[in-house]
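One structure is given below, encoded as structure tokens.
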Amino acid sequence: MSLEKTKIIDPLTTYLSGGLTAGFVLVSVLFPEAMGKAISAALAWTTATWGWLYLAVVFGLTLGCLLLMAGPWGKCRLGGPESRPEYSNFTWFGLLFGAAIAAGIAFWGPAEPIFHYKTVPPYFPGVEPGTPRAAVASMTQSFFHWGISAWAVYVALAIPMAHAAYTKGLPLRFSTAFYYLIGDRVRGRAGKVIDVFAVVATIGGLATTTGLTALQVVAGLKYNYNFDLGDKAGYIVIAIFTAIFSFAVYTGLEKGIKFMGNMNIILFTGFWAFLFVFGPKVFFIELGLEAGGKYLSSFAPLSLFTQPGEDKAWLGSWTVFYWAWWASWAPFVSIFVARVSKGRTVRGLVLGCMLLPSLANFMWYSVVGGAGIHFNIGEIIDRHGVEAAIFGLVRHYPGFQAMAVVALALISMLFLTSANSAAMSLAMFSSGHEHPHKALRLFWALALGAVAMVLCGTGNLKSIQSASILSALPLVVLLAMAMASAFKGVRD
């Protein structure tokens, strides 16, 4: 038996990342109040001191990806000149969109625009809340948070990772993306330390999504069916989700995961189409078009809006939070993107993984967010919480009880698909090979659930956001290095 098969874990990566995770959970359980205060203080310091870094790096990644697409490097084929794609364009796009979008878009889709509609973002001074101008401003801000900047974070990492993996024979790991900067040191301790950062950030990002999903499911059950699980509701839902994706990742149910991926696209498209057909169609179209134009004309100013000398609370709660969230998801999403994009050109990857998904997000927000504004679901959010937004929205549509079930199914399917991929990626990071041992996969699945319970069991949305921002800080610097690695790789 080869060493590759007998070596279950990479000791340095596994023990260091696992120890950090276990230590965080233990301290949080023993000293919850102290940990809460520490997280709040660290968040305030990070936002005030390093918020500009998140904004600058993501803007640079977006420009870099567009330059790679438009320049002569766009012809570079991931896997060599003779390599060809393994999947059709339709299947490829479905895989990319389903893996990267997750349940967050169902959580914030109806909620974010109404937040900005009631309290206009500081980038739009003088716009009165609750007016048609406020509706355009709110949708523009939402487009920005879910547009090409978000997808650029994944693409900037996937390009050098896929290029190095398929031309240099390196494993699909986070550290592989830095091969063109540090060379063979990615195989040594330097690469392992980089993978530790990826593990920690991924746990923070998935804990964010787990918490949002749990809060939303609890709200849906209570709002629609008056089914109250009590004070431990968050723990119960997270435990159920953790059991499901832990079983899936342990047994390797590829058929089940493929089924969930297909169901994601069907539920997502069907839900959107229902809201569009039975909603104010002209309002959706006009709002989406005007906000789209505003987004294009304001992209650079929005990207570099840092509020110098002002309070950074809004930036920390919205733009910085989103950029950190995307960054924390980048390690495991980029592995998936790299894997399914073998044989495609750099130009095709940027088009298919930045521009088309952004367009799909804009269509979702124009309808789902537009419906939230049209039906003014702000009162529902005030009374039942932001997690109840999508269920309050479907109350204005025919057959809302059935649509509530569809919404719950969509939220659950999106989350479980992403959680399974994340647990598998964590096991790959900490083992060093692409087919990690079942026990290691199970460990990281349970670790994801444990961190999510610590952060989200109380239903504290602020602590959920804080985890994402704090865990992604070192990763933002690594993403900038990955962009440099991408240019060096395709140039060489």
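Values quoted throughout were computed directly from the atomic coordinates according to the rules given, and no laboratory measurement underlies them. All values reported here derive from a predicted model rather than from experimental measurement. Here Cβ is always computed from backbone atoms with ideal geometry, including for glycine, and neighbour counts include all displayed protein chains.
An ellipsoid equivalent to the range 17-79, defined through the eigenvalues of its Cα gyration tensor, has semi-axes of 40, 19, 5 Å when rounded to whole angstrom and sorted largest first.
Sorting the segments 215-228, 381-394, 81-94 by their residues' average number of neighbouring beta-carbon atoms within 10 angstrom, most packed first, yields 381-394, 215-228, 81-94. Of the residues 50, 318, 329, the one with the fewest other Cβ atoms within 10 Å heads the list, and the complete ranking is 50, 318, 329.
With contacts taken as Cα pairs under 8 Å at a separation of at least 6 residues, the range 129-288 carries a relative contact order of 14 percent.
Ignoring everything except DSSP H segments at least 4 long, calculate the 222 nm mean residue ellipticity for the chain; use -39,500 (n - 2.57) per segment, divide by total residues, nearest 500.
Values: 24 runs with 370 residues, N = 492.
One gets -25000 deg cm²/dmol as the mean residue ellipticity at 222 nm.
Residue exposure proxy: 453, 483, ordered by other Cβ atoms within 10 angstrom of their Cβ from fewest to most, comes out as 453, 483. Taking other Cβ atoms within 10 Å as a rough exposure proxy, 193, 346, 155, 120 sort from fewest to most as 193, 120, 346, 155.
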